[in-house]
Amino acid sequence: TDNLLDQTAALIADSRCLVAFTGAGISVESGIPPFRGQGGLWNKVDPCLLEIGYFEKNPLQSWRLIKQLFYQTLKKAKPNAAHHGLARLEKAGYLKTIITQNIDYLHQQAGSARVLEYHGTYKYLKCLQCGYRTEAKESMLVELPPLCPRCRGVLKPDFVFFGEAIPQKVAMESEKEARKADLMLIIGSTGEVYPAAMIPETAFHHGSKIVEINIEPSNYTHSITHIFLRGRATEIVSKIIERLKI
Ligand code: NAD
């Protein structure tokens, strides 16, 4: 692996447009469980609760789970060495953009400035009826489901549910960044969740080199990945930062 880490550091140093693509795996070491794989939430809860059709019909049931799974866990989570490492790569001028599938806000908390939240964020709520968007304050989640202060419609977390489309603006910007990238760093993503999984494929088909960090092989590993760095996100990112001396 030492050799692969050296190669990765050299690729980063030579890159013109480095883009990171992150999945739930980068936040596992911050104490946030992934959906799939080891310790994944889908072993414990029914994913149908996060389907938009279910939410629209049963907002109370859906909200009870969402509050417990996301709002109570995420507010306590802190960015880890991998999030901080990416923020440092950006400040040092190497990293141009992070495209994240995560909704946990940990990249921004670590100090990353340019973050595209492909699946939205848990930080805001959006009214299903009038589209009003407001910050998710704890006081709004005491009585469930939270209602729109403007029209009394049901508020939904402003992250993408199963069965919902990706907001057009972030979809287009992410696609654009993927086309521009000459090096993409994938961290902690299975490559099973579409259309997000297409971002690294787009980068690859437009000539980008792909470096992947994961504790186990993913859908990308044997298809588009040039360098696979097996290990925990915190450990591998820290080693890359060390080599770049930033
Ligand atoms: P995913 O595609 O995000 O997969 C998680 C991946 O992380 C797996 O490949 C796993 O091997 C890898 N991984 C686990 N621990 C790791 C570590 N310490 N270092 C590096 N890699 C590690 O799939 P998912 O979890 O099913 O998520 C589905 C969707 O829901 C994604 O969009 C995901 O980002 C989102 N989600 C977000 C959060 C969050 O905001 N933190 C949490 C759960 C799911």
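For the range 218-246, the set of residues classified as among the basic types (K, R), part of a loop (DSSP other than H, G, I, E, B) and exposed (fewer than 15 other Cβ atoms within 10 Å of the Cβ) consists of K245 only. Tell me whether the range 226-245 contains one or more residues that are at pLDDT below 95 and charged (D, E, K, R). Yes, the range 226-245 has at least one match. Of K57, K76, all but one fail to be of a type in the set (K, R), more than 13 Å from the ligand (Cβ to nearest atom) and either out of contact with any Lys or Arg (no Cβ under 7 Å at 6 or more places or on another chain) or outside the structural domain of R232 (by TED's automatic domain parsing) (or both); the exception is K57.
Confirm whether L95 is within 13 Å of the ligand (Cβ to nearest atom), of a type outside the set (S, T, Y) and in contact with a helix residue (DSSP H, G or I) (Cβ under 6 Å, 6 or more places away or on another chain).
no
Just one of the numbered conditions (1) within 16 Å of the ligand (Cβ to nearest atom); (2) out of contact with any strand residue (DSSP E or B) (no Cβ under 7 Å at 6 or more places or on another chain); (3) without any contact (Cβ under 8 Å) to a residue 24 or more places away in the chain is not true of Q108: (2).
What about G25, is it within 14 Å of the ligand (Cβ to nearest atom), over 29 Å from S139 (Cα atoms), in contact (Cβ under 8 Å) with a residue 24 or more places away in the chain and part of a helix (DSSP H, G or I)? Taking the combined requirement at face value, the residue satisfies it.
Taking the listed residues W63, W42, the one that is over 30 Å from L95 (Cβ atoms), modelled with pLDDT of 95 or more and either assigned to a helix (DSSP H, G or I) or more than 8 Å from the ligand (Cβ to nearest atom) (or both) is W63, with no other qualifying.
Here is a yes/no grid of residues against (1) among the aromatic types (F, W, Y); (2) away from the ligand (no atom under 16 Å from the Cβ); (3) closer than 30 Å to Q129 by Cβ; (4) buried (at least 18 other Cβ atoms within 10 Å of the Cβ):
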position: C151; (1), (2), (3), (4): no, yes, yes, no
position: Q168; (1), (2), (3), (4): no, yes, yes, no
position: I187; (1), (2), (3), (4): no, no, no, yes
position: I199; (1), (2), (3), (4): no, no, no, yes
position: F204; (1), (2), (3), (4): yes, yes, no, yes
position: G207; (1), (2), (3), (4): no, yes, no, no
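In the range 225-246, the residues that are within 16 Å of A81 (Cβ to Cβ) and assigned by TED's automatic domain parsing to the domain that holds M184 form Cβ pairs under 8 Å with partners that are aromatic (F, W, Y) and more than 13 Å from the ligand (Cβ to nearest atom), at six or more places apart or across chains, as follows: L244/Y94; I246/Y94.
The values are calculated or read from the model by the stated rules, or taken from the named source; none is laboratory data. All figures in this text were calculated on a predicted structure; none of them were measured in a lab. Glycine also receives a Cβ, built like all others from the backbone with ideal geometry; neighbour counts cover every protein chain displayed.
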